[in-house]
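The values are calculated or read from the model by the stated rules, or taken from the named source; none is laboratory data. All values reported here derive from a predicted model rather than from experimental measurement. FYI the Cβ positions are ideal-geometry reconstructions off the backbone, even for glycines, and counts take in every protein chain you see. Please note that ligands, DNA and RNA were not included when accessible areas were found on the heavy atoms of the full protein model with its side chains. Shrake-Rupley method; radii C 1.70, N 1.55, O 1.52, S 1.80 Å.
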Amino acid sequence: MARDIDPGRPRIAMAKLVVGRIGRTHGVKGWVKLQSWTSPAENILDFADLLVETENGPRRLRIDHSRWQGSNLLVHFEEYDEPEFARRLTGCEVAVEASELAELEAGEYYWHQLQGLQVINLAGEKFGRVSHLLETGANDVLVVEPEAGSIDDRQRLIPFVWEQVVRRVDLEAGMIEVDWGADFLAET
């Protein structure tokens with residue numbers, strides 16, 4: 001099972017994982033809208049500190065209050081009591097240390113761990129690398145883009161169904177082995 005911070009959004013830079021973006025200010029007490037890329041969205045509130053790059057350099061932000069207003073997550077950061085100061089955060093992406101992510105059970109992976117892995121089928125045919133994943137409701141889907149050395153130039157959508165399709169994930173080797181034919185859903 002693949003779980004993550006958001007379909008297709010997360011990026012890692014120096015052991016940080018981008019988990020959302022700060023939106024516009026709300027009200028006169030420094031509250032802001034927070035777009036969460038975690039799944040579910042409220043998981044962003046589980047992190048003690050959020051890291052942000054501002055025009056004045058990197059900062060750690062701590063959420064001291066939060067609430068939902070309709071479909072919007074509103075948060076207040078410690079020491080940001082004035083809308084003028086909070087407004088400076090608008091548009092900033094927020095990140096967490098990758099080491100803060102919850103430990104997963106065997107056979108579970110965060111999406112960012114799967115992105116960039118090489119995909120090879122049981123016949124040893126190289127399909128390419130995982131560019132991102134899609135959430136379909138039934139199961140997650142690996143979007144595999146061809147690269148130099150791939151058997152062809154086709155993009156493949158491969159369901160992340162453990163044991164039936166995905167046979168092995170080797171993070172150290174940077175590889176996913178799948179039971180998926182090279183001609184599956186090929187155009188004729």
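Relative contact order for the chain: what percent, with Cα pairs under 8 Å and sequence separation of 6 or more?
20 percent
Please sort by residue number the GluC sites (Glu not before Pro) in the range 75-155 whose DSSP state is loop and whose Cβ has at most 15 other Cβ atoms within 10 Å.
Listed in order of number, the matching sites are Glu78, Glu79, Glu103, Glu105, Glu108, Glu125, Glu147.
What residues of the range 136-163 lie in the reach of a label at Asp183, counting those whose backbone N is under 20 Å from a point 7 Å from the Cα along Cα→Cβ?
Those under the cut-off are 150-158.
Could you pull out every residue, at least 5 positions away or on a different chain, whose amide H is within less than 5 Å of the one on Trp31? Hs are placed 1.01 Å off N in the peptide plane, and Pro or chain starts have none.
For Trp31, the qualifying residues are His26.
Using θ = phi - 60° and the Karplus form 6.51 cos²θ - 1.76 cosθ + 1.60, what ³J(HN,Hα) does each residue of the range 136-144 get, whole Hz, x for Gly and Pro?
Using θ = phi - 60°, the values come out as 10, x, 6, 6, 6, 10, 7, 9, 10 Hz.
If I take R0 = 41 Å and measure r between the Cβ atoms of Trp68 and Ala148 in this structure, what FRET efficiency does the formula 1/(1 + (r/R0)^6) give, to the nearest 0.05?
E between Trp68 and Ala148, to the nearest 0.05, is 0.30.
Quick one: dipole size for the chain, taken about the Cα centre, charges +1 on Lys/Arg Cβ and -1 on Asp/Glu Cβ, in debye to the nearest 20.
The calculation lands at about 660 debye.
Given a 1.4 Å probe and every protein chain left where it sits, what share in percent of the accessible area of the chain is carbon and sulfur?
46 percent
Would you mind checking which residues have amide H under 5 Å from His132's amide H? H placed 1.01 Å from N; only 5 or more apart, or other chain.
Answer set, sorted by chain and number: Val143.
Would you calculate the separation in nanometres between label points at Gln155 and Met175, each defined as 7 Å from the Cα along the Cα-to-beta-carbon direction?
Roughly 2.6 nm, to one decimal.
Using θ = phi - 60° and the Karplus form 6.51 cos²θ - 1.76 cosθ + 1.60, what ³J(HN,Hα) does each residue of the range 66-81 get, whole Hz, x for Gly and Pro?
After applying 6.51 cos²θ - 1.76 cosθ + 1.60, I find 8, 6, 9, 10, x, 9, 9, 8, 9, 9, 10, 9, 3, 6, 10, 8 Hz.
Would you mind getting the Kirkwood hydrodynamic radius of the range 72-116 from its Cα pairs, rounded to one decimal in Å?
That comes to 14.0 Å for the range 72-116.
Under a 1.4 Å probe, what is the accessible area of the chain per residue, stated in Å²?
Normalised by residue count, the accessible surface of the chain is 56 Å².
At Val28 and Asp81, where each label point lies 7 Å from the Cα along Cα→Cβ, what is the point-to-point distance in nanometres?
1.5 nm
Under the rule a/c < 1.5 gives rounded, and otherwise a/b versus b/c splits prolate from oblate, where does the range 120-188 land using the Cα gyration tensor?
rounded
Starting from the amide H of Val94, placed 1.01 Å from N in the peptide plane, find each other amide H under 5 Å away whose residue is 5 or more places distant or on another chain.
Close amide H contacts, sequence-distant or interchain: Val19, Gly20, Arg21, Ile22.
With contacts defined as alpha carbon pairs under 8 Å and 6 or more residues apart, what's the relative contact order of the range 107-188 in percent?
Worked out over the range 107-188, it gives 27 percent.
Can you compute 3J(HN,Hα) from phi for each residue in the range 82-99, using the Karplus curve 6.51 cos²θ - 1.76 cosθ + 1.60 with θ = phi - 60°, rounded to whole Hz and x for Gly and Pro?
Karplus-based 3J(HN,Hα) across the range 82-99 equals 10, x, 4, 6, 5, 4, 5, 8, 4, x, 6, 7, 10, 10, 10, 5, 4, 5 Hz.
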